[in-house]
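K.L.:
Structure incoming, see below.
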Amino acid sequence: MKLRRRSADGANPIEGADVLLLDLDGVVYRGRDALPHAVDVLGAVRASGVTVGYITNNASRRAEAVADQLRGFGLEVEADHVVTSPQAAVRMLADRLAPGARILVIGGDGLTSVVEAAGFQVVASADDEPDAVVQGFAPELGWKDLAEAAFALADPDRLWVATNTDWTIPVERGIAPGNGTLVSAVHAAVGRMPIVAGKPETPLFDAAVERFSAEHPFFVGDRLDTDIAGANAAGMPSALVLTGIDGPREVLAAPERARPPFLLADLRGLVEPYPEVRPAAGGFRSRDAVVRIDGRRIEVVKPGDPVDLLRAAAQAVWSAEVSAWSLDVPDAVLAAR
C-alpha cells in the first residue's frame, strides 16, 4: 500500500505528522485478531518515515507483552514503541517523590514491574508506611487489595496515583468493569480522588510526546470520552475510527471537549484524502452527502457514503447545538459502522 498525499478532497489526516500514536483495542486489533487493513496501513505509514507508537490505558500488561502481540500480527514493533499508563504514572511519582520511596502497588505485574524498574521500593501493606499508593487494573484484584489501599489513604497527605479511570474494559466475553470502578470503590472509602495518569488526562500523552520527541503528533482512538477528549486536552489532532467502542450515535452526541477533528471508517482513512465538510442546502456537505437539521430530525438531503453522511450530520448537529439524543436519526447515518 502506498501512502497517498494529496487530491481534490485535500490532504490525508496525517499530512505533516512526524509521529502517529494509536490506541490498541478497537483501533489496531479486536481481541486476538488484527483489525482489517491495520497491518498494511501501519506498515505504509512507517515506510513513509512517520514514527508509529502505541499508547494504552491498560495497566495489566507489560509493554513487552503488547509488542509481542503486535509483532504476531506482522507489525515491526519494539517494547519502547509502546507507552503505557503505568509508565506515565511512574513519571508522576518520580516528579513528586525521591528515588527509593516506598510505593503500595494495587495492581498486577504490568504495574509492579514498572514501579520497580523506576527505582522505587514496592510494599504490600499500609502497615509498611508507604509514601504513595499507585492503583491500576488487574483481573486478580480483590476486596483485600482495595481495603489495603483505603487503609493507606486514610492519611489525607499520602499521594494517590491511578493509572486510569476507565469505567469499562473490553475482554473476549464482552465488556467488563474497568479500573474506574475499582478506583471508585476506594474513593467511596476515603472520600477523595487520585491524580490520574491515563486518558483522558494528559500525562500519558505527554509521556508519548517525550518518548518519541514528537513535534507534530497525531493520535487515533475509538473512544470519545477517553481517547478523543484526552487528545483534545493535550492539544493533539486526532481521529476517531469507527471500528471500536463508539459509533454514530455517540459521535452525534459528543460534547465539545470530545469531538474528533477527523472521522474514519477504519485505518485506511489515515492514508486517503480527507473530504472538506462545508455548508450546503441549509446543512452540511461531505463529498456527495448533504445533511441538515429539520425540526427534531436529521434529514438526508442528498445520499452518499455512510461515513460522509455521518461527517455531515455531526457537523450539522454540533453547529445547531442541539441534543442528538432528542433527534430522529435516519438509518443511513447510523450505517457508518
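Read the figures in this text as sums done on the coordinates, not as results from a lab. For clarity, every value in this text was computed on a predicted model and none was experimentally measured. Glycine gets a Cβ as well: all are built from the backbone with ideal geometry, and neighbour counts include every protein chain shown.
K.L.:
When only alpha-carbon atoms are used, what values of Rg and Dmax, in angstrom, describe the range 277-334?
P.N.:
Looking at the range 277-334, its Cα Rg and Dmax stand at 9.6, 27 Å.
K.L.:
Ok, one more. For ALA234, enumerate residues with amide H under 5 Å from its amide H, sequence gap 5+ or separate chain, H modeled in the peptide plane.
P.N.:
none
K.L.:
Which peptide among 316-322, 94-100, 225-231, 304-310 comes first, and what is the full order, when sorted by highest mean count of other Cβ atoms within 10 Å?
P.N.:
225-231, 304-310, 316-322, 94-100
K.L.:
While we're on this one: In whole Å, how far is the Cα centre of the range 164-221 from that of the range 315-333?
P.N.:
About 29 Å separates the Cα centre of the range 164-221 from the one of the range 315-333.
K.L.:
Continuing with this model, one more query. Which percent of Cα pairs goes in each bin when the distances of the range 221-297 are cut into 5 angstrom slices starting at zero?
P.N.:
Calculated over all Cα pairs of the range 221-297, the distribution is 3, 15, 22, 22, 21, 12, 4, 0 percent.
K.L.:
Test of the criteria: in the range 91-196, which chymotrypsin sites (Phe, Trp or Tyr not before Pro) are in a DSSP loop and have at most 15 other Cβ atoms within 10 angstrom of their Cβ?
P.N.:
TRP167
K.L.:
Quote the relative contact order of the range 17-176 in percent (integer), defining contacts as alpha-carbon pairs under 8 Å separated by 6+ residues.
P.N.:
Relative contact order for the range 17-176 comes out at 20 percent.
K.L.:
Sticking with this structure for a sec: Given the -39500 (n - 2.57) contribution per DSSP H run of 4+ residues, what per-residue ellipticity at 222 nm results for the chain, rounded to the nearest 500 deg cm²/dmol?
P.N.:
Value at 222 nm, helices only, nearest 500: -8500 deg cm²/dmol.
K.L.:
Pull up all non-local amide H partners of VAL123: gap of 5 or more, or a different chain, and H-to-H distance under 5 Å with H placed in the peptide plane.
P.N.:
Amide H to amide H, under 5 Å and 5 or more residues apart or across chains, VAL123 pairs with ILE103, LEU104, VAL105.
K.L.:
As a test of understanding, state the convex hull volume per residue of the range 1-127 from its alpha carbons, in Å³.
P.N.:
130
K.L.:
Additional query: From zero outward in steps of 20 Å, how is the percent of C-alpha pairs of the chain spread across the bins?
P.N.:
P(r) for the chain, in whole percents per bin: 30, 52, 17, 0.
K.L.:
What is the distance in Å between the Cα centres of the range 245-289 and the range 84-106?
P.N.:
38
K.L.:
Percent of alpha carbon pairs in the range 185-329 separated by more than 22 Å?
P.N.:
Value for the range 185-329: 46 percent of Cα pairs lie more than 22 Å apart.
K.L.:
Mind listing P(r) for the range 33-89? All alpha-carbon pairs, 10 Å bins, whole percents.
P.N.:
Pair shares across the bins are 24, 53, 23, 1.
K.L.:
If contacts are Cα pairs under 8 angstrom and at least 6 residues apart, what is the relative contact order of the chain in percent?
P.N.:
18
K.L.:
Over the range 86-196, what is the relative contact order in whole percent, taking alpha-carbon pairs under 8 Å and six or more residues apart?
P.N.:
Relative contact order for the range 86-196 comes out at 24 percent.
K.L.:
Give the average over all directions of the projected area of the C-alpha convex hull of the range 86-196, one decimal, in nm².
P.N.:
Mean projected area for the range 86-196: 6.4 nm², to one decimal.
K.L.:
What ranking do 103-110, 203-210 get when scored by the average of other Cβ atoms within 10 Å per residue, highest first?
P.N.:
Going from most to least packed, we get 103-110, 203-210.
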